[in-house]
Amino acid sequence: MQRPPIKQSSRRRSHSLRTMLLLGFGMLCAASVGCGGSNVLPVEYGPSRGSAGLKSVNGFGGLRETYESLGWETRSINRLGDRMMHLDAIVWTPLDSSTIRWAETNWYENWLAEGEKTLIYIVFDEGSSADYWRSMVPLANPDQRFEYRRRAARAQIARDKISSKPAELGTQGWFSLETLPVPQPIKTIENAEEAVVFEATSDDAQPELLYRVVPFKESNPSNRATINLPLTTVTADFSDEKFSTAEVSLTEYLQTADGLPLLTEITSPEWNGSKIFVVSGGSLVTNYALTTPQGRITAASLIRESGTPGKLGFLVSDATGIRVSNAYEAENRKTGMELLTVWPLSLVSIHLALIGLVACLIMLPIFGRPRKGKQKSQSDFSDHLNAVASLLERTDSDLYARQKINEYMRRVRGETSGPWVIDDKPPQPTEKTGESP
């Protein structure tokens, strides 16, 4: 199957000043990398949230927070399914250059067919570690420059390892990657109309490109991929993999003066206005990359072309691929105690957990010197009166109660008259008139 050649867009695409200014926030986050008290510089590739996402040279926290500053609602996702269909855009950052599988391709195409969706695929290239260490050498103390050069060389060797072997990406049907013979520094950036929007000087950092994005080549998919797991190495066979048959058009949105695409736009009539953007290397949009003009221009173009702010998901995948599942399939149904994590039972279980926590806090032992509580006096006569009154109330007889009070008033108090004293004289017989004795 032949694919249409890469074409140039006739639209003029100017960079938004407002977006470029907001990217300064991401640049500041990236510039603070390594300035903390820790001696260990985070270089983890891929995260966009938390300490690693913001402090790592190869994190994408700056890009994510720039999206958020423009009104996007972001979240982290780890699989594809029905619950992700409502997302308006997805930023996909794989941790290697392994093959995109058919299940992933099929889900993305169903999602793109919903219309007005944007998929951003960031090609893995080991990140910006080498660029960072090289740029820091002139700023380091003289006694530390050798160590900085050593770390820069080590990071560059890691990049050279992945550039020395052909890219494995190729079975999705949208585009292919070609490994460049030699990493190419980015000295000039042109837009789709071949107008120069940036030209580096000798003082500017120059990130390098390892790959070229080209139209999909059916004859050049990688049918086998080696997956390195923690305890073993598995060779997966993709010879029976399917790939998309959608007619796609590739546009070099940003490119170098040598024609190497930095940002490639992929569209198809079958996607109802949705589009895919392929970033030719992760080192173009990492935290450190946002401190360079090339990175800021690339990120500004991505954010501007992502559409109206909506819901955005950040997806990180490894060599094992992405789990594609339906939340209602039998294999994904929760059973047993897992049901407590499913709505609406999850709402009840959360409250029960909070009540249990409060109960545990109530039952916690009291540490420290015990306090002496106030004890009631055992000689208080009012307690006796209250007890007797309670017993009399339980008899439910007013006459019996008055008799007991009368007995107390007469025997203890010696009273013979009063409101509580009952006259106990027997009634006298009345005289009858008109009767003989």
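Taken together, the values in this text are just the output of simple stated rules run on the coordinates, not laboratory data. Predicted model only: the values in this text are computed from it and were never measured. Every residue, glycine as well, gets a Cβ built from its backbone with ideal geometry; the counts of neighbours run over all protein chains shown.
Between Ile366 and Ser51, the distance separating the two model label sites (each 7 Å from Cα on the Cα→Cβ line) works out to 3.8 nm.
Between Glu194 and Glu270, the simple spin-label model (points 7 angstrom out along Cα→Cβ) gives 3.3 nm. The Cα-based radius of gyration and maximum Cα-Cα distance (Dmax) for region 47-146 are 17.5, 58 Å.
If the segment from Ala140 to Thr320 were pulled out straight at 0.36 nm per residue, it would be longer than the present Cα-Cα gap by 60.9 nm. Ranked by the mean number of other Cβ atoms within 10 Å of their residues, highest first, the peptides 291-301, 261-271 fall in the order 291-301, 261-271. Packing around the peptides 371-377, 417-423, taken as the average count of other Cβ atoms within 10 Å per residue, puts them in this order, highest first: 417-423, 371-377.
Within the shell of other residues whose beta carbon sits under 12 angstrom from the beta carbon of Phe277, the net charge comes to 0, with Lys and Arg scored +1 and Asp and Glu -1. Straightening the chain between Ala387 and Glu73 buys 106.2 nm, computed as 0.36 nm per residue apart minus the Cα-Cα spacing. Summing charges over neighbours of Pro138, with a neighbour being any other residue whose Cβ is under 12 Å away from its Cβ, gives +2 when K and R count +1 and D and E count -1. Take the Cβ atoms of Leu357 and Met85, set R0 to 41 Å, and the FRET efficiency comes out at 0.70.
Dipole of region 85-170 computed with +1 at Lys/Arg Cβ and -1 at Asp/Glu Cβ about the Cα centre; of Ala153, Leu119, Trp107, farthest Cα towards the positive end is Ala153. On full extension, the segment bounded by Asp398 and Glu305 gains 24.4 nm, given 0.36 nm per residue less the C-alpha separation.
Take every pair of alpha-carbon atoms less than 8 Å apart whose residues are at least six positions apart; their mean separation over the length of region 111-208 yields a relative contact order of 20 percent. Beyond 19 Å, how much of the Cα-Cα pair distribution for region 372-425 remains, as a whole percent? Distances greater than 19 Å cover 43 percent of the Cα pairs.
Among the listed pairs Lys217/Lys242; Lys117/Lys187; Lys275/Lys311, which are separated by more than 21 Å between their Cα atoms? Table pairs above 21 Å Cα-Cα are Lys117/Lys187.
The packing ranking of peptides 280-287, 173-180, highest mean first, is 280-287, 173-180, where packing means the average number of other beta carbon atoms within 10 angstrom of each residue.
So, counting K/R as plus one and D/E as minus one, what does the shell of residues with Cβ under 13 Å around Arg49 add up to? So the environment of Arg49 carries a net charge of 0.
Dipole size of region 37-135 about its Cα centre, with +1 on Lys/Arg Cβ and -1 on Asp/Glu Cβ: approximately 280 debye, rounded to the nearest 20.
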